[in-house]
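Taken together, the values in this text are just the output of simple stated rules run on the coordinates, not laboratory data. Treat the numbers as computed from the prediction; the structure is a model and nothing was measured.
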Amino acid sequence: MIQVSGLDHVAIPVSDIEASLSWYLRLFGLVHTFAPEWGTDPAFLCIGGTCLALLDAKGAVPPPVDPSVRHFCFRTDANSFLQAAETLKAEGIPYRCDDHGVAQSLYFQDPDGHWIEITSYRPGREP
């Protein structure tokens, strides 16, 4: 068995690194970590020890697929989940909401079509 302590990061290709960096910082309040060491390729954006690495694809981003096939997910609490829906509305970002029984989720796309999920587990149902 390989011992792990958690998920470090998810890496995604983006067509415009500066635009995507600005979008993720504005929408999620992530911290641009290792900027002095790495600059913006990759742009390493973190919160609570989990990170998202934006990789400069120089326009070669694959087409999006259904969110049930490929997405990454941020976890939040019930109040922040409601605020996320309001923020998406205010930003004019279309989304869909799904009830998974143990959790509720919002699904939407970033500027390159990557699917993002925001989920909030019901109390006592967190993994």
What number, in percent, do you get for the relative contact order of the chain if the mean sequence gap of Cα pairs under 8 Å and at least 6 apart is divided by its residue count? 23
When a/c reaches 1.5 or more, the comparison of a/b and b/c decides; with that in mind, is the stretch 68-124 rounded, prolate or oblate per its Cα gyration tensor? oblate
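How much length, in nm to one decimal, is gained on full extension between residue 75 and residue 15, taken as 0.36 nm per residue of separation minus their Cα-Cα distance?
Working: separation 60, 0.36 × 60 = 21.60 nm, distance 2.57 nm.
Net length gain for the segment: 19.0 nm.
Using a ≥ b ≥ c from the Cα gyration tensor of the stretch 1-102 (square roots of the eigenvalues), is it rounded, prolate or oblate, where a/c under 1.5 gives rounded and otherwise the larger of a/b and b/c decides, a/b for prolate? Write out the running numbers ahead of the final one.
On the way: a/c = 1.45, a/b = 1.22, b/c = 1.18.
Rounded is the answer for the stretch 1-102, as its axis ratio a/c remains below 1.5.
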Name the most mobile residue of 61, 102, 31, meaning the one with the largest mean-square fluctuation, in a Gaussian network model of the chain with Cα contacts below 10 Å. 102
Roughly what angle does helix 17-28 make with the longest principal axis of the chain, taking Cα atoms, 0 to 90 degrees, to the nearest 10? 30
